[in-house]
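To keep things clear, I will list the structure first and then write my remarks on it.
The values are calculated or read from the model by the stated rules, or taken from the named source; none is laboratory data. Computed from a predicted structure; not experimentally measured. FYI the Cβ positions are ideal-geometry reconstructions off the backbone, even for glycines, and counts take in every protein chain you see. In case anyone asks, the SASA skips ligands and DNA or RNA and just uses the protein heavy atoms, side chains included. Shrake-Rupley method; radii C 1.70, N 1.55, O 1.52, S 1.80 Å.
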Amino acid sequence: MGSSHFELIFDHVGHYGRFQKVLYLICAFQNISCGIHYLASVFMGVAPYHICRPPGNVSQVVFHNHSNWSLEDSGALLSSGHKDYVAVQLQNGEIWELSRCSRSKRENISSLDYEYTGSKKEFPCVDGYIYDQNKWKSTAVTQWNLVCDRKWLAMLIQPLFMFGVLLGSVTFGYFSDSLLHFLLDVPRWQVPDHFFMWAISQSCLCSQYLKRLGRRVVLWATSSGMFLFGIAAAFAADYYTFMAARFFLAMVASGYLVVGFVYVMELIGMKYRTWASVHMHTFFTVGTLLVALTGYLVRTWWLYQMVLSTVTVPFILCCWVLPETPFWLLSAGRYEEAQKIVDIIAKWNRTSSCKLSELLSLDLQGPVGNSPTEVQKHNLSYLFYNWSIATRTLTVWLIWFTGSLGFYSFSLNSINLGGNEYLNLFLLGVVELPAYTFVCIAMDKVGRRTVLVFALFCSALACGVIMVIPQKHYVLGVATAMVGKFAIGAAFGLIYLYTAELYPTIVRSLAVGSGSMVCRLASILAPFSVDLRSIWIFIPQVFVGTMAFLSGVLTLKLPETLGKQLASTWEEAAKLESENERNSSKLLPTTDNIGLEKTEAITPTDSGLGE
């Protein structure tokens, strides 16, 4: 039973009526929570300025020419990378020099001068640290002293989360395996990367058990898990419990994105799936905006985590009203329930219902129609079919890597741009919204390759401009970063569609899935890139800019796919290299029907872009 059967159902009950709109908004709202947790560590993992805590009560403080400062205020004067210290005199008369990661005891205690050339002994910070609380009352770093020799533990907060995202995508991705053929028949536009991880997740050990649960149960389970693990992270007693809670939080959040997208796509007709997939991603972006707003209002990390975790509560309360999808019910042999859902959809949409037994020629006592043609499975070696295809694959993987690296590097580095950190993240989130709309329109006007090359070169140029802007002109730096985020977001979105169009049917899902795996690797490495700014502040820009420029140059070698039919075989894919682009058809391509050997092109009106 292919997607064409279900398009007949949508033709009767409506492709995107009131019923689908209500369920779409409910499921898309939950994407906000996923976006929140993906970037919550931007503020939760901040390391404020700090100095060693002295081994006793302080009676007097000296910092350069300033005296009588409180010790907490003096800590704020120690900027990262400087070797300044604070001299303090304890109530017992001892004089100590307190720096960021060590403290020294002066042998001569006759005077409390800042400049001291006498002998002194150095000691570790065994009594903890004093943190600057002007911006953040507390963070996960201050909670467990993740500084100095424990700094590497703080550097693992975001990468381990993204590793959980990777495993969650693979684990929960199998839920949509039954839609492998169905979905590849439909979207001509990008969907978030987590939604294609199922294409390479055939080896999940628990897949058969979980597959029997249905979409609705999984949506409720993953959403409840997001709330429970989010709260657990806020009340974690130690660092390792906190990291474990965040890891499982990442898995269920990623799982929701996978299954939530599948659920929505099973309820919406082809005419609206293009824009529906785009707006699912914009809801994810709204989560970034809420992170910035909550971080500005709540400066205590555990309370901040709790507030963000409560965003998923409305969905948990509404989840019980979500029906199972007719597609899954039919695949499970529950025909009567599927008919009831179709009748409800028709009633809500004020259309006439249809009889599934007649429309789909179902034998209610037997299997659901004819079994779909089984697609031969391939391994990664098929993406290196020959030298030309191997070069194409490596180029595509590089673009996936660059898109993810740039996307997360710009976001995570927003607090280092100067000015208001919260406003920076908010602006870098807002700029994503027009980026997706720009790509959706431009890709059908000037071509996929042209837009992709333009976006990659723009992001590389933005990274270069940021490096030459003086730090005191941080407004220009933020504006340039917004341009870079817009460009890399556009490239990151377009590569999903472009990858699917560059490969033939036999390896299309493998190509997109492997590219998504590569971009997950980049999202794990992005936090380390940002942390390396302690060595040189422009390392993130150098990495992203270099990768974007190299990707842009190599993209020029890729064929244009606008107006061309999708390939079913390697021979058809090879023709993309030799065809004259100026003679390309103006018709927009649709994805191929897995059950057929050849593909067909559809008009923009049929695709829903004009809706």
In whole Hz, what ³J(HN,Hα) sequence does region 337-353 give by Karplus (6.51, -1.76, 1.60; θ = phi - 60°), x for Gly and Pro?
5, 5, 5, 4, 5, 4, 5, 5, 4, 4, 5, 5, 7, 6, 10, 7, 7
At 1.4 Å probe size, with every protein chain present, just tell me what the per residue accessible area of region 380-443 comes to in Å².
33
Between Tyr129 and residues 5 or more places away or on another chain, the pairs with built amide H atoms under 5 Å apart involve Arg53
Placed amide H near Gln60: partners under 5 Å, 5+ positions off or other chain
Gln89
For region 251-264, 3J(HN,Hα) per residue [Karplus equation, 6.51 cos²θ - 1.76 cosθ + 1.60, θ = phi - 60°, Hz, x = Gly/Pro]
5, 6, 5, 5, x, 5, 4, 5, 6, x, 5, 4, 4, 5
Simple SL model, points at 7 angstrom along Cα→Cβ for Arg299 and Gln91; separation in nm is 2.8
Residue-normalised accessible area of region 494-557, given per residue in Å² at a 1.4 Å probe
33
In nm, spacing of pseudo-spin labels at Lys340 and Ser357 (7 Å Cα→C-beta vector)
1.7
Roughly speaking, to the nearest percent, how much of region 421-551's 1.4 Å accessible area is carbon and sulfur?
79
Explain nothing, just compute: Karplus ³J(HN,Hα) = 6.51 cos²θ - 1.76 cosθ + 1.60, θ = phi - 60°, for every residue of region 308-325 in order, whole Hz, x for Gly and Pro.
5, 6, 6, 4, 7, 4, x, 5, 4, 6, 8, 4, 5, 7, 6, x, 6, 7
Pairs Lys271/Lys445; Lys21/Lys347; Lys445/Lys557; Lys445/Lys564; Lys120/Lys151: which are spaced more than 23 Å apart, C-alpha to C-alpha?
Lys120/Lys151
Around Val62, under 11 Å between beta carbons, what's the net of Lys plus Arg minus Asp minus Glu among the other residues?
-3
